[in-house]
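Have a look at the structure below before the remarks.
The values are calculated or read from the model by the stated rules, or taken from the named source; none is laboratory data. Computed from a predicted model, the values in this text were never measured in an experiment. Quick reminder, even Gly has a Cβ in these numbers, built from the backbone with ideal geometry, and neighbours come from all protein chains shown.
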């Protein structure tokens with residue numbers, strides 16, 4: 001009965017001729033679908049590549065891809081949804097099928113300011129240090145930072161934004177400020193909050209600054225540029241991307257990168273295919289780490305009126321919950337890291353594809369990128385299912 005319902009709900013959204021030809025495929029897909037209770041294992045099959053045999057005919061694929069672009073463009077030009085900057089959307093299925101759509105002068109190699117899209121990158125770089133044995137998720141800030149007197153705050157709490165490091169000192173935005181001195185100021189301004197670490201979720205850039213300094217100390221390197229450079233060397237990812245805002249010597253780890261869409265998509269591909277991080281670290285990265293913490297600052301709740309949970313440096317999207325504290329859609333669906341200028345990187349575990357909407361709108365328009373992609377959700381989802 002569940003399989004029949006799944007097929008019906010999917011086919012009724014498609015043209016009749018396409019629905020008829022896809023019915024057998026969808027029976028297989030529906031029969032093998034996961035309930036989303038756990039983070040799916042990484043895709044460890046050989047890369048399918050661009051020449052992999054698709055599960056739909058060329059005509060069927062074209063009908064689906066032709067439907068995506070107009071919906072994206074309409075949403076991007078709707079002033080109720082978007083402030084209409086140029087953008088590029090790159091999508092890729094686990095099997096290697098790709099989709100590219102650009103509006104205006106944007107391309108896959110256009111350099112964009114990251115805003116909060118760097119949070120996921122930063123968390124992965126730090127978790128890479130965990131995998132190399134430099135520290136653990138239960139390592140305390142007190143263990144590595146000599147000025148940190150409190151003994152409650154752990155690396156896990158920092159990456160999950162429940163550490164209590166809520167107040168942001170101005171030095172995080174000053175190019176010539178000293179990185180470690182600025183983390184010291186974070187400690188001083190938030191000292192009263194750390195005794196209640198784990199109690200509240202507060203989306204702020206301070207948590208990652210502290211976590212980053214812990215990773216530097218544990219890895220015995222002198223700067224974030226050095227740590228990120230070593231990560232780039234080991235993985236061959238983000239070849240031209242840099243943390244340079246407000247400066248390379250005082251980077252804002254939660255929002256201070258420049259990247260291009262092609263390089264970010266390569267990062268998402270490596271994550272989705274299990275080529276980054278140990279399986280335990282990958283599961284922790286994407287799992288709900290918010291726990292019982294109350295929500296005191298959530299841009300997702302404000303931007304799309306949904307109560308998303310949080311993993312380690314990335315969101316777990318929940319489209320069914322609309323009030324703080326009501327996250328109720330489980331794990332293993334879609335994780336993402338939207339930025340304040342409207343860029344939107346994500347991995348869709350349900351439909352086995354990932355993507356990046358690259359754009360740079362006005363500050364504070366971050367969830368416009370989410371809404372643009374969602375406007376084309378039906379043809380995108382059908383395209384991904386067709387290409388599985």
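Some points to look at:
- Of everything in segment 56-72 that is buried (at least 16 other Cβ atoms within 10 Å of the Cβ) and at pLDDT 95 or above, the residue that is nearest to the chain's Cα centre (by Cα) is 72.
- Qualifying residue in segment 249-256 (condition: in contact with a helix residue (DSSP H, G or I) (Cβ under 6 Å, 6 or more places away or on another chain) and over 28 Å from residue 177 (Cβ atoms)): no
- Taken over segment 213-237, the criterion of being under 22 Å from the mean Cα position of the chain (by Cα), surrounded by fewer than 17 Cβ atoms within 10 Å (Cβ to Cβ) and not in a helix (DSSP H, G or I) is satisfied by 236 alone.
- Test: residue in segment 151-170 that is over 16 Å from residue 210 (Cβ atoms), in the same structural domain as residue 316 (by TED's automatic domain parsing), in a helix (DSSP H, G or I) and in contact with a strand residue (DSSP E or B) (Cβ under 6 Å, 6 or more places away or on another chain): no
- Residue 115 fulfils the conditions (1) surrounded by fewer than 16 Cβ atoms within 10 Å (Cβ to Cβ); (2) touching a residue at least 60 places away in the same chain (Cβ under 8 Å); (3) on the phi > 0 side of the Ramachandran plot except for a single criterion, (1).
- For segment 84-100, filtered to residues that are touching a residue at least 60 places away in the same chain (Cβ under 8 Å) and out of contact with any helix residue (DSSP H, G or I) (no Cβ under 7 Å at 6 or more places or on another chain), the residue that is surrounded by the fewest Cβ atoms within 10 Å (Cβ to Cβ) is 86.
- Residues of segment 34-55 that are surrounded by 10 or more Cβ atoms within 10 Å (Cβ to Cβ), over 15 Å from residue 97 (Cβ atoms) and at pLDDT below 55: 34, 36.
- The sole residue among 251, 175 that is over 20 Å from residue 139 (Cα atoms), assigned by TED's automatic domain parsing to the domain that holds residue 315 and surrounded by fewer than 23 Cβ atoms within 10 Å (Cβ to Cβ) is 175.
- Hey, residue 260 more than 21 Å from residue 353 (Cβ to Cβ) and touching a residue at least 40 places away in the same chain (Cβ under 8 Å) or not: no
- Across segment 285-292, a minimum of one residue is classified as under 30 Å from residue 363 (Cβ atoms) and within 13 Å of the chain's Cα centre (by Cα).
- Subset of segment 130-144 (residues that are over 22 Å from residue 184 (Cα atoms) and touching a helix residue (DSSP H, G or I) at 6+ places or on another chain (Cβ under 8 Å)): 130, 131, 132
- Residues within segment 77-126 that are closer than 16 Å to residue 338 by Cα and outside any loop (DSSP other than H, G, I, E, B), tallied: 17
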